[in-house]
1. Assuming 0.36 nm per residue, please report the length gained on full extension of the stretch K63 to A144 beyond their Cα-Cα distance.
2. Using Cα pairs closer than 8 Å and at least 6 residues apart in sequence, work out the relative contact order for the chain, in percent.
3. Taking H as built 1.01 Å from N, whose amide H comes closer than 5 Å to the amide H of T256, not counting residues under 5 places away?
4. Over all distinct Cα pairs, what is the inverse of the mean 1/r for region 116-228, reported as the Kirkwood hydrodynamic radius in Å?
5. On a C-alpha basis, how far is the centre of region 189-228 from the centre of region 147-183 in Å? Whole number, if you could?
6. Taking only the C-alpha atoms, wrap a convex hull around region 248-297 and report its volume per residue in Å³ as a whole number.
7. In Å, what is the Rg of the alpha-carbon atoms in the chain, and how long is Dmax?
8. Packing-wise, with mean Cβ within 10 Å as the measure, how do 154-161, 229-236 rank, highest first?
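Read-outs: derived from the displayed coordinates by stated rules, not from any lab. These numbers were taken from a predicted model, which means no experiment stands behind them. When we count neighbours, we look across all protein chains shown, and the Cβ atoms used for this are built from the backbone with ideal geometry, even at glycine.
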Amino acid sequence: ETLDKGLEKSKTSFFEKMSKAVAGKSKVDDDVLDNLEEVLVTSDVGVKTTLKVIERIEARVAKDKYLGTDELNKILREEIAGLLSETNTGNATEFEVPEGTKPHVIMVVGVNGVGKTTTIGKLAYQFKKQGKKVVLGAADTFRAAAIDQLQVWADRVDIPIVKQQMGSDPASVAFDALESGVNQGADVIIIDTAGRLHNKVNLMNELTKVKRVMQKVVGDAPHDVLLVLDGSTGQNAFEQAKQFTAATEVTSLAVTKLDGTAKGGVVIGISDQFQIPVKYIGVGEGIEDLQVFNKIEFVDSFFK
Ligand code: GDP
């Protein structure tokens, strides 16, 4: 229900475009396919993924020349659900920490302003709610505000945070956070990292160093490298995903701010293009406004 609300703008915009795309047409013909292509691109599904979807629909039209436009929504829904399945995305229905990793270390990356801190706070809250012991590490030492903001969330969720002064070595903070987490018997440790998108080599070096130093405490850390992307930035989010995946091995995605945007299609394109599962979506500013991304719910809610 929050998902429906969170996707409201994307849905409204999508349906308006879809009804224009098929206006006056009863059969799916070349015109309709051209229009559909435009609908998908302008919904921020991304060009590559759009072409893939169009190809699949063309293949269905080739088999059934009388395919009606009234069926287009249903078909689109099937094809998009299929795409999301291929990227192995959105199978989870609950916030969960995999068995056998204690502490489970999540390193969070992303550009400033995308909602990184908020996502960490919301995620910590969900884990804490399950009775898990959560520790935060403020390894975004570049801005004082980043450390302060994370502290605000640590207070709100009522969990420990490990931090140092602004300007200190991020790897050193990450080390301390893991050590402290291990000593406290933490189940989950979430490490915030610097959010400036400086040049690729610097970004790569910094993230590599943070990882290497963490591994001195927990040999196989981080277990998850979560890239946070702002869904409302559409194509910018694709660009950021490109840069971060080139700099480090990103293992999952969180797409935020889907509530305020008509660009919800970005979730489909990004998971398809980068073959990285979208794990969480942000649908508001509140502590409860983070959802485990579930493809069935998403597709159902988008095409309802
Ligand atoms: P950071 O710089 O990446 O750490 O970004 P913040 O976590 O500080 O978030 C930046 C702004 O985006 C804040 O005003 C947040 O409340 C807001 N924000 C974060 N996630 C969401 C979301 O899912 N929906 C909405 N509407 N706002 C969000």
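1. 23.1 nm
2. On the way: 576 pairs, mean separation 84.7, N = 304.
This gives 28 percent for the chain.
3. L229, D230, G231, G282
4. The Cα-based Kirkwood calculation yields 13.9 Å.
5. For region 189-228 versus region 147-183, the Cα centre distance is 14 Å.
6. 90
7. 20.7, 67
8. Details: 154-161: 16.6, 229-236: 21.4.
Taking the mean over residues of other Cβ atoms within 10 Å, the ranking is 229-236, 154-161.
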